[in-house]
Amino acid sequence: MIFADGITLLCNDIQVDPQDIVMLVLSWHMKAGTMCEFSKKEFTEGLQSLGIDSLEKFREKIPSMRSELKDEQKFREIYNFAFGWAKEKGQKSLALDTAIGMWQLLFAEKQWPLVDHWCQFLQARHNKAISRDTWSQLLEFAKTVSSNLSDYDAEGAWPYLIDEFVDYLKENGVNQHGQINDSSLN
Amino acid sequence: MSNQKKKHFQIEAFKHKVVMDPKYPDKTWKILEDAIHEIYNHNASGLSFEELYRNAYNMVLHKFGERLYSGLVATMTVHLKDIAQSIEAAQGGSFLEELNRKWNDHNKALQMIRDILMYMDRTYVPSARKTPVHELGLNLWRENVIYSSQIRTRLLNTLLELIHSERTGEVIDRGIMRNITKMLMDLGPSVYEHEFEKHFTNVSAEFYQVESQRFIECCDCGDYLKKAERRLNEEMDRVSHYLDPETEKKINKVVEEQMIENHMLRLIHMENSGLVNMLCDDKYEDLGRMYTLFRRVTDGLLKIREVMTSHIRESGKQLVTDPERLKDPVEFVQRLLDEKDKYDKIINLPFNNDKSFQNALNSSFEYFINLNPRSPEFISLFVDDKLRKGLKGVNEDDVEVTLDKVMMLFRYLQEKDVFEKYYKQHLAKRLLSGKTVSDDAERSLIVKLKTECGYQFTSKLEGMFTDMKTSQDTMQGFYASHPDLGDGPTLTVQVLTTGSWPTQSSITCNLPAEISALCEKFRSYYLGTHTGRRLSWQTNMGFADLKATFGKGQKHELNVSTYQMCVLMLFNNADKLSYKEIEQATEIPAPDLKRCLQSLALVKGRNVLRKEPMSKDVVEDDAFFVNDKFSSKLYKVKIGTVVAQKESEPEKQETRQRVEEDRKPQIEAAIVRIMKSRKQLDHNNLIAEVTKQLQSRFLANPTEVKKRIESLIERDFLERDDNDRKLYRYLA
C-alpha cells in the first residue's frame, strides 16, 4: 500500500505538486478506491495501462494526462469517479468540505462561472453531505444551463438542492455575468 | 226445310265517312265554358255531370285537349280577375271575410271542374306535361288574386295588424285567421313563407325588441321573467290556433332571442332582484322560471351556472376565513352543512336536479372548504360533539342522516389524512372517557369511512374498539382472580395497543401509594398471561372518582384526571403544600401541572383547592390549601378535562408536522409501486401518477415528491437513465 507519504515521494519524483489535479487523473487511470492511497494492484495495473515503466516515461506522460481533462467524455468520467474516490470509505455521501474542495479543483479546469456561488450557497444553506445523484447532476447542470439561468427548466427533474440553488441565486439578484449583487455575502 | 244457302258475310269498312264537324270543338267548348260560368255563379245544380263529362271526354279523344286546356285557363283567369276585384272592393273588416268566402267558392268550383275534366286530367295533362287541374286552379288563384297588387300587401298588413292587436290585448277572430293562413299554406309552402311568415317573424322581432327594452327598464328580474314566460306561452297558443305548426320554432326563436338572450346578463346581474338575490332568498319560483327560460337559449344555463359558482365560492370563502365563525368549530361546520342543504334544495327543485349544476356546487365547496387548513380538524370536532352529546336521544334514521351529511363534507377535503389524525385523537378521548352517545353510531361512521377510503383508513380505528372490549374482559379476569381487592379502590385499566392509538409521549408521574400498589398487581397479572409484552402507564390520559369530605362536613364525589388525583391525594397528608413540593412529589411535567392546579383552584364552582396568592397564574412560589368552604349544588362534581378541544397554535403545528412526516413513507410507497410496474418513467409523468394515487388521502406537494425520489435514488431503489436525465428506472 502506498499512503500519503509515499505519494509525496512519488510526486517529488515526477515533479508534480500533490495538489495538482493531474493526480486525480492518475488515480482515475489506476481505478484507485480512495484518495491518498494506492494499493499494489491499483498502482501496477494502472501504470501498465498507461504504458509507463520508468520515471522518464512517467514524466513524459504527465502533459498528456493533463490534456485528457479537456476531453468532454473523459472529464465527465473523471468527475464522476472523483465522488467515489474522495468520499470516506464506507460512507454513502461525500462530506461537504471535501466536496467543495473537489469542485473548486475540477471547475478550475472546466470553467463554470457559478462555482463560487454554489459553494457559498452550500455553506450558507445546506451544511450537509452531498449525495451521489446531486454530485453527478451538478455537472449536467453546469454544462447545460447558462449562467444567467435563462434556460433553467423548473420541471427539469433537477435535484432539489439545485432547485434551491436557483432560488437562492434569484433571491440575491444574479445578473448576466453571474455576479451576485448582494454584498452581505462578502 | 229447304237447303239453306250458305251466305258469306263480308264485313266491309265504313263507307260512310265520318266527317268531323269543324265547329265541333268550338261548340263543345262553349258548352263547357258555359258550365264553368254557371259553376262560378253558383248555378251548378242545373247542370248534368254526365253530359259535361262526356263532352270533355270527346274533346280529348278527338285530339282537342289543347283547346280544352287553354280554354280552361282563360275562363278561370277571367273569373278570378272578377273575384279579385270584388275582394279589393271590400271594406275594412270584411276584406278577410270576402277573401275567405271567395276562396271557399273557388275550391268548390275547382272540385267540380276537375271532376268534369277528369279524363283530360288523366290523359292529356300528363302527356302534354301540363299542370293538373287542381294545381292549376290554385296557381291561378295565387297569380290573380293573392299576387294582385291591391290584395297582396293589404292581405299581409291586415294579418299583421290583427296579430298586433291581439298582442296588445284585443280579441280577434281567430277562425278567419286560421282559414286565411290555411289558404296560404295550401297555395304552396313558399307562399305561406314569403307572403306571411317571413314578415311575421321580422315584425315580431321588432315588436319584442321594443317590448323587452321597455320591460327591462321598469321591471325587476322576477317580474320580467314572468312577462317573458307569458309572451312565449301566448305565441305558442297563437301558433296552435291559427298558424302553421312549423312557425312555432321560428317565433319561439324570435321571442327567446329578443326577450331572453339579448338581456341575459343584465337580468342575471340585476341589483336587488338578480340571480344572486334569488339564491340568497331562496326564491324557488323565480329561479325555476329563470332556469326553464334560459335553458332555451345558447349558453343561458352556462351563464347561470357561472354566476352561481362564483357566488358560492365567494360566500364560502368569506365563511371559512371569517375569524368570528372560526371561534366555534361545531357552529362552523353546522353552517357549512346548512349552506350545502340550501343549495341542494335549490338545485333539486328549481334547477331540475341538473347534473352540471350539482357538479359546479361540488367543485365550489371543494374549493372553499380547503381554503381553511383547519377544516379537517373542525369537521372531526363536529363529529365529536355529535357523538358525545349532540345525537343523544335522536332516532337511528336521523343519526344516519347526520352522519351521511358529515361524510359528504369529508369527501370535499383534500387533506383526508389530517382528518384521520384528528379523528383518531378525538375518538380516543371519547372512548377513554366513556363519553360516547351511541356505540352503534360510532361504528356506523367507521363503516362509512371504510367504504369511502378503504380498509387501511379504518383498521386502526377498529383496533381501538377491540382494545376497549378486550380490556373489559381483562378487568373481569383480574378481579375474578383477586377476590381480596374488594375493599380497596376500584381500578379500571384500558390496555391500548400502541400503533392503533394516537401517539402520546408517556411521562409517568408518581401515583399515590394505594393506587400504585394496585397498578403493580395488575401489571403482574397482565404480564403473567401476556408474556413478551411491555406495559407503560399513560398517566396523562386517565381519570378518577374521589370521595371528598370538606371542612363543614360537606361530602362530594369528584371526577378528576389522574394528574389531579395525584395532587389532591397529597392533601390527605398535608394541609398546605407549595407548588414546588407538589411538583417534586408528583413529578408531573410543569406545563401539565400548572394547568392541573389552575383547574383545581381557579375555576368557580370547582375550586376544591385554594391558592395563595389569588392571582390568575400559577407560579413557583404559590401555596395551595384544601378549600374548606367549597360548595356545589351537585353531589358529583366534574373537574377533569379530557374533552376534545380546538387545538392551540403550538399543538396545531405539532400535529401538522406529524402529518407531514407520515406522508413521506406514503409518497415513497407510491413511487416504488408505480416504478415497479412501469419499470421506467419520466419525471413529469411520475409526479402526475404519484399525485393521482395519493389524491384520496392528500394533495401531494411536487417538491416533496421530488425529495422522496432523490432519497430513493440515494438508497438504490431508482436510478437516472444515462442518456436521458429526466427518465428514472426501477432497480429491482
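Worth pointing out:
- The C-alpha atoms of chain B define a longest principal axis, and helix B:396-412 lies at about 80 degrees to it.
- Modelled spin-label separation between B:Gln91 and B:Arg296, with each label point placed 7 Å from Cα along the Cα-to-Cβ direction: 4.2 nm.
- Unit Cα scatterers, Debye sum, chain B: log10 I(q)/I(0) for q = 0.05 Å⁻¹: -0.57
- The value obtained for the protein assembly as shown, namely the Cα convex hull volume divided by the number of residues, is 540 Å³ per residue.
- Each residue of segment B:582-670 gets 161 Å³ once the volume of the Cα convex hull is shared out per residue.
- Burial ordering of B:Lys102, B:Lys249, B:Lys638, fewest other beta-carbon atoms within 10 Å first: B:Lys249, B:Lys638, B:Lys102
- Pairwise FRET efficiency - B:Glu714 versus B:Lys676, Cβ, R0 = 25 Å, nearest 0.05: 0.90
- 5 Å binning of all Cα-Cα separations within segment B:575-732, expressed as whole percents from 0 upward: 1, 8, 13, 13, 9, 7, 5, 4, 5, 7, 8, 7, 6, 4, 2, 1, 0
- Extension gain, B:Ser310-B:Lys23: 0.36 nm per intervening residue step, less the Cα-Cα distance, totals 94.1 nm.
- Placing pseudo-labels 7 Å out from each Cα toward the beta carbon at B:Thr531 and B:Asp223 gives an inter-label distance of 9.3 nm.
- Across the alpha-carbon atoms of segment B:177-272, the computed radius of gyration and Dmax are 15.3, 53 angstrom.
- Hull-based mean projected area of segment B:517-657, where the convex hull spans the alpha carbons, in square nanometres: 11.2
- Trypsin sites (Lys or Arg not before Pro) restricted to segment A:71-117 and DSSP loop, no more than 13 other C-beta within 10 Å: A:Lys89, A:Lys92
- Cα-based shape type of segment B:280-342, given that a ≥ b ≥ c are square roots of the gyration tensor eigenvalues and the cut on a/c is 1.5: prolate
- Cα centroid separation, segment A:99-150 to segment B:340-404: 53 Å.
- Relative to the longest principal axis of the Cα atoms of chain B, the long axis of helix B:702-714 makes an angle of roughly 60 degrees.
- Computed log₁₀ I(q)/I(0) - Debye formula, equal Cα scatterers, no solvent, segment B:650-732, q 0.13, 0.17, 0.21 Å⁻¹: -0.41, -0.65, -0.92
- Mean-position separation - Cα centroids, segment B:220-235 and segment A:38-70, in angstrom: 98
- Label-to-label distance for B:Ser696 and B:Val394 is 2.7 nm, based on points extended 7 Å past Cα in the beta-carbon direction.
- Computed over every Cα-Cα pair of segment A:1-149 and binned at 10 Å starting from 0, the pair-distance distribution P(r) comes out as 10, 39, 34, 14, 2 percent.
- Lys/Arg +1, Asp/Glu -1 at C-beta; the protein assembly as shown dipole; positive extreme among B:Ile87, A:Thr98, B:Ser696: B:Ile87
- Between B:Ala544 and B:Val560, B:Ser561, B:Thr562, the built amide H atoms are under 5 Å apart, and every one of these is 5 or more places off in sequence or on another chain.
- Where trypsin sites (Lys or Arg not before Pro) fall in DSSP loop in segment B:541-605, at most 12 other Cβ within 10 Å: B:Lys552, B:Lys604
- Taking B:Ser438, A:Ser150 and counting other C-beta atoms within 10 Å, the order from fewest to most: A:Ser150, B:Ser438
- In this structure, B:Asn272 and B:Lys646 have a Cβ-Cβ separation that, at R0 = 45 Å, corresponds to a calculated FRET efficiency of about 0.70.
- Calculated diffusion of segment B:225-279, Stokes-Einstein form, Kirkwood radius summed over Cα pairs, 25 °C and 0.890 mPa s, µm²/s: 199
- Computed from Cα atoms, the angle from the helix B:221-242 axis to the main principal axis of chain B rounds to 30 degrees.
- Paramagnetic reach from B:Ala669 (point 7 Å along Cα→Cβ, amide N under 14 Å) across segment B:690-722: B:693-698
- Each of B:Arg533, B:Arg729, B:Arg231 was scored by other Cβ atoms within 10 Å of its Cβ. Listed from fewest to most, they are B:Arg533, B:Arg729, B:Arg231.
- If you model segment B:326-482 as an ellipsoid using its alpha carbon gyration tensor, with each semi-axis the square root of five times an eigenvalue, the axes come out at 34, 16, 14 Å, biggest first.
- The ellipsoid equivalent to the alpha-carbon distribution of segment B:110-159 has semi-axes of 30, 11, 6 angstrom, derived from the gyration tensor eigenvalues as √(5λ) and listed largest first.
Only the coordinates and a few stated rules stand behind these numbers; no lab work does. Model, not experiment: these values are computed from the prediction. We place every Cβ from the backbone using ideal geometry, glycine too, and count neighbours over all the protein chains shown.
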